[in-house]
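Data first, discussion second: the structure below is written as structure tokens.
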Amino acid sequence: MRPTKRKSSSTKTITNEHQQNRSWSPLSSNRSRVMVCTIGFVSLFSIYVSVKLTMSLSRDQDNNHGQFSAPVSRFSSLTKAMNLTESLNILLTVALNKTRPIFDDDIIPHQEAKRCSRYGFNYANRTSRRRIFAGGMIADDSFHTIGIHALETYGIYTHVAFVESNRTHKYFERKMRFLPRSNNLALLQSGMFGPTTTVTVDYYMVDEKGNLTNRGVSNNGLFGQQVHRNEALHRWKKEGMRPDDLGIIMDVDEFFTRDFLRALQICNVPEFRPDQTCKEPKILPKAIGFEASPECINRRKGFWHPDAIIGECIEGIGDSTKHIPAVRVFRDIGFRKKDMIPKNTTLFPLWNAADFRSNVGGRQIEGRENSHTGFHIHNFIEHCDLLRFKYSTYGEPTKANITAPLGELHIALNELVKCTMERTQDRHAPLKEVPLAFQLKSYVEARQREVKVVVERDEAKYGCHDCTREETIESTREY
């Protein structure tokens, strides 16, 4: 029995999408899904927030376009109802400013050639950018995470396909946040990802057992993630994805740097050339993580998500008549078994979302001088109760007592606590690449203050772990 999904009168899965007219889109009509109208930002109060975002436009040293300054912006009733903290107020003022230009949209050959060379590619005088379809799970991610992601990728994605579930990866019930007519959904679809970027949310509904054990599969949270993510691929196809488009499977807190995304769109990338064998089609970033605050760098491990693949090699988008079918662990849903591919194969199976995430087969790319090509914006929460719920109910739950001090629950949380409470010396290490949002000094300072208050409250309730020791978090990898 397949996982159950909430149904509407006309579709198998309730869907909400950006309903704004877009003459460029071949999909602007004949849509039979539940719609939520784009919410206009009509100000209900006249408090103006002066925030300037100064950023190098493509982080190109020879860029001569000047600086981008976000003009004064007014908030809508949507954000007013959210009771924003100071830092989130600053971030969303910029992220929701739809009058700002897409500063790196023009194709300037000599700049594109330099951009490509930073990542070991060459520029073959391409005159149009590849379209990008992004997708993945969304759950209790704060609007810090969403706003940081949206600001970094503004105007780059053609479509973003989010999938929300009514349960965690261990099938604990959770309150859904992006339901039809909700403020959260309206904000997500407000244009923060770009003036022509469409955003949809599909719902993956399961029961307390995940509805997977009836099909001979163990109740495994990580497997549930794979099934969950695969809904994004179905959405890409409905939104008109083509074999020459790029697909990116991600979690909301994972994204490529803006400059690297622009390189993937324009450069001569071997994995994106026509007539792929699809044996090893993935492009992965060398990513760095931040724990709860722009000031707290996770140097414990490297990150290698999200994952990008050309549409030609994606299941449902590529030509299935040319490639051998995949033998999967769970009928047509799970990841493929590599040992079931014949040795003389020349055209390999197409990749589904489980393959994106679980199968080896591609390159991890870094920039010149070991610069990063991706970010992991981890645990950017508003209160620690949400962290405790996450670490006890999601894919790899902690075995520790959930009422133990926060630092005992997971090594990442211990790093978070030590950094925010200034119990480590490894806090302000400089980086060559940071998200564009972190160039907002006022946001960075306000966020650090707020996280410290959140941790102090948690420690007052649950106690402190290693609260007197000052240590340097040792890195397992050079950044």
Among 114/441; 286/390; 175/337, which pairs are too far apart, with a Cα-Cα distance over 27 Å?
114/441; 175/337
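Two decimals, Cα atoms only, Kirkwood Rh: what is Rg/Rh over segment 301-377? List each step's numbers first, then the result.
Values: Rg = 14.6 Å, Rh = 14.1 Å.
Value, to two decimals: 1.03.
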Whole number please: convex hull volume per residue, Cα atoms of segment 250-342, in Å³.
148
Would you kindly find the accessible area of residue 88, with a 1.4 Å probe and non-protein molecules such as ligands, DNA and RNA excluded, rounding to the nearest 10 Å²?
10
Report the label-to-label distance for residue 86 and residue 456 in nanometres (one decimal), using points 7 Å from each Cα along the Cα→Cβ vector.
1.2
May I ask you to order 282-289, 431-438, 457-464 by the average number of other C-beta atoms within 10 Å around their residues, highest value first?
282-289, 431-438, 457-464
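Sort 140, 275, 307 from largest to smallest accessible area, using a 1.4 Å probe on the heavy atoms of the protein chains.
Sorted by accessible area, descending: 275, 140, 307.
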Per the Kirkwood formula over distinct C-alpha pairs, the hydrodynamic radius of segment 82-143 in angstrom is 15.6
Can you tell me the FRET efficiency between residue 385 and residue 279 if r is taken as the Cβ-Cβ distance and R0 is 56 Å, rounded to the nearest 0.05?
0.80
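When only the heavy atoms of the protein chains count and the probe is 1.4 Å, how do 441, 343 rank by accessible area, highest first?
On the way: 441 140, 343 210 Å².
My answer, sorted largest first, is 343, 441.
The values are calculated or read from the model by the stated rules, or taken from the named source; none is laboratory data. Bear in mind the structure is a predicted one, so any value in this text is a computation, not a measurement. In this analysis, Cβ positions are derived from the backbone assuming ideal geometry, glycine residues included, and neighbour counts consider all displayed protein chains. Side chains included, ligands, DNA and RNA excluded: accessible areas come from the protein's heavy atoms. Shrake-Rupley method; radii C 1.70, N 1.55, O 1.52, S 1.80 Å.
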